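Visitor: Before anything else, here's the structure in question.
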Amino acid sequence: MTVEVDVRTFPLFINGTWEPASNGETFDVFNPATGELVARVAKGTEEDVNKAVEAARNAFDSTDWKNMKPKDRSKVLYAISYQIAAHAEELAYLEAISSGGTVRRLGGNDILQMVDLFQTLAKFVEEYPFSETLPSPPFPGPAHNFIWREPIGVCAAITPWNLPMVIATWKIAPALAMGNTVVVKPASYTPLSTLKLAEIISQVVPPGVINVVTGPGAEVGETLVKHPKVDKVAFTGSTDVGRRVMKLAAETIKNTTLELGGKSPNIILEDADLSLAIPGSLFGVFLHSGQLCESGTRLFVPDHLHDAVVEQLVKLAGKIKLGNPLDPATDVGPVISKKQKETILSYIEAGKAEGATLVCGGKEAVVAGCENGQFVEPTIFINVTNDMKIAREEIFGPVLSVIRYKDVDEAIRLANDTIYGLAAGVWTRDVNKAYDVSRKLQAGVVWINDWHMLRNDAPFGGYKQSGIGREMGKHSLDAYTQVKHVHTSMVPEIHKRNWYGLLFSNTNE
Ligand code: NAP
C-alpha cells in the first residue's frame with residue numbers, strides 16, 4: 001500500500017509503504033542552483049535498516065518472486081520501463097532540483113537510458129542461461145550435470161549524488177532481472193528521485209522487493225554493508241569510501257561490486273580531426289560540471305599541436321552557458337554543494353601553486369537568478385605535468401589539465417600512470433593506431449573519437465582502483481547471480497562406481 005506524500009517530506013520506502021524514520025528525524029535537501037530548501041527526508045536509523053533488510057529478506061525467502069519464469073520477469077522489467085517513461089517529468093524534476101543536473105540532460109539522456117536499460121535487460125533475461133546441461137564426459141563417469149544460475153538474495157545498493165537515478169538503476173535493474181530483492185541507500189544530497197523510482201517500481205513488484213533507506217552513509221550505509229542478512233553489496237562512490245565498504249563487507253564475505261573514482265586520460269593524436277577532438281574533449285570533461293566519474297580530466301596533446309589546440313579549447317569553453325538546471329537553455333548547472341565548490345577551488349589553487357598556468361575560468365561563477373547557487377567556471381590549466389596534484393587526484397569538478405607529450409609511447413605511459421582505470425579516449429583518423437592505443441590503455445572503457453558513450457548492452461566498470469566488477473550489459477546479470485553445479489550419477493550399481501574404490505577397497509561385498 002502506498003500513501004500520498006507531501007512533496008516536501010519524503011519518508012523511507014519499506015515493504016511497499018512510506019514510513020517515517022523510527023526516531024522521527026529528518027534531514028534537509030537543498031537545491032544547489034538556488035540554495036533553496038526543497039525537501040525534508042527521513043533520517044534512517046539502524047532500526048530502519050533492519051526493518052528494510054527484513055522486508056527484503058522475507059520477499060526473497062518467502063514469496064515466489066525469485067522463482068518467476070524468465071518470460072514473466074521480462075514482462076515485469078518492461079512494465080517498469082513504461083512506468084519510468086510515464087513519470088519522466090517528475091523524476092527529471094526531482095533530480096534537477098537536488099543534483100543540479102540539467103533538465104536538458106535528464107530528459108535527453110538519463111530517462112531514456114533508464115527506460116532502455118530495463119528493456120535491454122528484459123530481452124537479455126529471456127535468453128539468459130539460467131540452466132545449462134553439461135555433456136557427459138568419460139571422466140569422472142556417466143552422470144547428468146547441470147549448471148544453474150540463481151539469484152544471490154538481498155542486495156544493498158549504495159549510490160552517489162552525481163547521477164542518482166541512473167546509477168540506482170544500474171543496480172536495481174540487474175538485481176530484479178535475476179530475482180533478487182534490494183535495499184537502496186541513496187546519497188544524502190540527492191535521495192528524492194530514487195525514492196520516487198522505488199515507488200514507481202513497487203507498482204509492479206511485490207512488497208519488500210524494493211526498499212529505500214535514506215540517511216547518513218556512515219550509519220545507514222555501514223549498517224547495510226555489515227548486515228548479516230544482506231548477501232551482496234553494490235557500491236558506487238569515491239575510492240576511499242569504496243575501500244571502507246570492501247573492508248566491512250569482508251567481515252561477512254559478501255559478494256561485492258565497486259564502481260569508484262577516475263582520472264581518465266584523453267589522448268589527441270597528431271592526425272586527429274580537431275573539429276571533433278576539441279568539442280569532444282570539452283564534452284568529455286565539462287558535462288555535468290565535471291561531476292562524472294569517467295570525465296576525461298587529463299588531456300594529452302602532442303607538442304606541436306599544443307598551442308592551436310589550447311586556443312580552440314579556450315574559445316569554445318568560453319561559450320558554455322552556466323545557469324539554472326531547470327532552464328532548457330542551460331548547458332551546465334551548479335556543483336553539488338558549497339563544500340564541493342570549495343574543494344574544487346582549493347584544487348585550482350593547488351594547480352597554480354604547483355606551477356600550472358590557468359588559461360580559462362578558475363573562479364567561482366555568479367549566475368544571474370541563481371545568486372545563492374554553487375557554480376564554478378569551466379577551468380583549463382596548461383603546463384600541467386602528470387605528477388601534479390591536479391593531474392593525480394580526482395577533483396570531481398570542471399577542471400581540465402592539458403599535458404604535452406613528445407610521442408605516442410610517452411602519451412600512453414603518462415595516461416596509464418595513475419591509480420585509476422575507469423575510462424580513456426583517443427582521437428585519430430587512423431583506425432589501426434586507434435586500436436593499438438586502445439589495447440595499451442588500462443581502462444574499463446576506451447572511446448575512439450567520442451566520450452561518455454555508455455551502452456546498456458555493454459559492460460561498464462574500472463581497472464585498478466576504479467573498481468571491481470561490471471555494471472550494465474550481460475555482465476551485470478552475472479554479477480547478481482550465483483552459480484550452482486548439480487550432479488546426478490547415472491551409475492546405479494555400486495560396484496561399477498570405480499571412484500568409490502578410493503575409499504572402499506572392495507565394493508562387491
Ligand atoms: P561517496 O562520498 O563515496 O558516497 C557514495 C555513497 O556512499 C553515498 O550514498 C554515501 O552516503 C555513502 N557512504 C558514505 N560513507 C559511507 C560509509 N562509511 N559506508 C557506506 N556508505 C557510505 O561518493 P560521492 O561523493 O557521493 O560521489 C562521488 C564519487 O563517486 C566520485 O569519486 C566518483 O568518481 C564516484 N562515482 C563513480 C562512478 C562509477 O561508476 N565508477 C559513478 C559515479 C560516481 P552519504 O551521501 O550519506 O554520505
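Visitor: Can you tell me which residue among T181, T194, T214 is within 16 Å of the ligand (Cβ to nearest atom), in contact (Cβ under 8 Å) with a residue 40 or more places away in the chain, crowded, with 24+ Cβ neighbours inside 10 Å and of a type outside the set (A, V, I, L, M, F, W, C)?
Guide: T214
Visitor: Is there a residue being closer than 30 Å to Y78 by Cβ, among the hydrophobic types (A, V, I, L, M, F, W, C), under 18 Å from the mean Cα position of the chain (by Cα) and crowded, with 20+ Cβ neighbours inside 10 Å anywhere in segment 252-263?
Guide: Yes, some residue in segment 252-263 is closer than 30 Å to Y78 by Cβ, among the hydrophobic types (A, V, I, L, M, F, W, C), under 18 Å from the mean Cα position of the chain (by Cα) and crowded, with 20+ Cβ neighbours inside 10 Å.
Visitor: In segment 356-400, what residues are at positive phi and touching a helix residue (DSSP H, G or I) at 6+ places or on another chain (Cβ under 8 Å)?
Guide: Of all residues in segment 356-400, those at positive phi come to 361-362, 369, 383, 396.
If the condition is that a residue be at positive phi and touching a helix residue (DSSP H, G or I) at 6+ places or on another chain (Cβ under 8 Å), then G361, G362, F396 are the ones that fit.
Visitor: Name, by its number, the condition in (1) under 30 Å from T190 (Cβ atoms); (2) in contact (Cβ under 8 Å) with a residue 60 or more places away in the chain that does not hold for L316.
Guide: (2)
Visitor: Still on this structure: So for segment 32-46 (the condition being assigned by TED's automatic domain parsing to the domain that holds L117, farther than 30 Å from D327 by Cβ and in contact with a Lys or Arg (Cβ under 7 Å, 6 or more places away or on another chain)), does at least one residue qualify?
Guide: No, there is no match, as no residue in segment 32-46 is assigned by TED's automatic domain parsing to the domain that holds L117, farther than 30 Å from D327 by Cβ and in contact with a Lys or Arg (Cβ under 7 Å, 6 or more places away or on another chain).
Visitor: Also, I was wondering about something else. Could you say which residue among D72, D61, D116 is among the charged types (D, E, K, R), more than 24 Å from G373 (Cβ to Cβ) and within 23 Å of the chain's Cα centre (by Cα)?
Guide: Values: D72 fails: within 23 Å of the chain's Cα centre (by Cα); D61 fails: within 23 Å of the chain's Cα centre (by Cα).
Checking each option against the conditions leaves just D116.
Visitor: Residues in segment 79-90: is at least one among the acidic types (D, E) and in a helix (DSSP H, G or I)? Break it down into steps so the answer makes sense when it comes.
Guide: Step one: of segment 79-90, the residues among the acidic types (D, E) are 89-90.
Next, only the ones that are in a helix (DSSP H, G or I) stay: 89-90.
Yes, some residue in segment 79-90 is among the acidic types (D, E) and in a helix (DSSP H, G or I).
Visitor: If you don't mind, another one. Quick check on my filter: what residues within segment 179-209 are closer than 22 Å to V38 by Cβ and part of a helix (DSSP H, G or I)?
Guide: L192, S193, T194, L195, K196, L197, A198, E199, I200
Visitor: Give segment 160-178 a look and list any residue that's among the hydrophobic types (A, V, I, L, M, F, W, C) and more than 13 Å from the ligand (Cβ to nearest atom), or say none.
Guide: I172, A173, A175, L176, A177, M178
Visitor: Just to be sure I understand the filter: pairs with C-beta atoms under 6 Å, separated by 6 or more residues or on different chains, first member in segment 250-271 and outside the structural domain of K229 (by TED's automatic domain parsing), second member in a loop (DSSP other than H, G, I, E, B) and more than 15 Å from the ligand (Cβ to nearest atom). Which pairs pass?
Guide: L269/T428; D271/T428; D271/R429; D271/D430
Visitor: Looking at segment 217-246, which of the residues that are polar (S, T, N, Q) and out of contact with any Gly (no Cβ under 8 Å at 6 or more places or on another chain) is farthest from the ligand (Cβ to nearest atom)?
Guide: T223
Visitor: Right, something else. Consider S275 carefully, then state whether it is away from the ligand (no atom under 15 Å from the Cβ), in a helix (DSSP H, G or I) and in contact with a Leu (Cβ under 6 Å, 6 or more places away or on another chain). Reasoning before the result, please.
Guide: On the way: away from the ligand (no atom under 15 Å from the Cβ): yes; in a helix (DSSP H, G or I): yes; in contact with a Leu (Cβ under 6 Å, 6 or more places away or on another chain): no.
Judged against the criteria, S275 is not a match.
Visitor: If you take the residues in segment 230-251 that are outside any helix (DSSP H, G or I) and surrounded by fewer than 16 Cβ atoms within 10 Å (Cβ to Cβ), which one is farthest from the chain's Cα centre (by Cα)? Give the steps one after another, and end with the answer.
Guide: So the first thing to find is which residues in segment 230-251 are outside any helix (DSSP H, G or I), and the list is 230-238, 251.
Add one more test, that the residue is surrounded by fewer than 16 Cβ atoms within 10 Å (Cβ to Cβ), and what stays is 238, 251.
Values: S238: 11, E251: 24 Å.
Among them, the one singled out is E251.
Visitor: Of everything in segment 357-412 that's more than 23 Å from I278 (Cβ to Cβ) and assigned to a strand (DSSP E or B), which residue is farthest from the chain's Cα centre (by Cα)?
Guide: E364
Visitor: Can you tell me which residues in segment 249-261 are within 7 Å of the ligand (Cβ to nearest atom) and in contact with a helix residue (DSSP H, G or I) (Cβ under 7 Å, 6 or more places away or on another chain)?
Guide: L260, G261
Visitor: Can you tell me which residue is surrounded by the most Cβ atoms within 10 Å (Cβ to Cβ) among those in segment 217-229 that are over 18 Å from the mean Cα position of the chain (by Cα) and part of a helix (DSSP H, G or I)? Please lay out each step first, then the result.
Guide: Within segment 217-229, the first condition is being over 18 Å from the mean Cα position of the chain (by Cα), and the residues that meet it are 218-220, 222-224, 226-229.
Still in the running and part of a helix (DSSP H, G or I): 218-220, 222-224, 226.
Values: A218: 10, E219: 17, V220: 27, E222: 19, T223: 24, L224: 30, K226: 17.
Here the residue is L224.
Visitor: Out of all the residues in segment 142-151, is one or more closer than 25 Å to L260 by Cβ and either assigned to a helix (DSSP H, G or I) or β-branched (V, I, T) (or both)?
Guide: There is no residue in segment 142-151 that is closer than 25 Å to L260 by Cβ and either assigned to a helix (DSSP H, G or I) or β-branched (V, I, T) (or both).
The values are calculated or read from the model by the stated rules, or taken from the named source; none is laboratory data. In this text the structure is predicted, and so the values were computed from the model without any measurement. Every residue, glycine among them, receives a Cβ derived from its backbone with ideal geometry; neighbour counts consider all protein chains shown.
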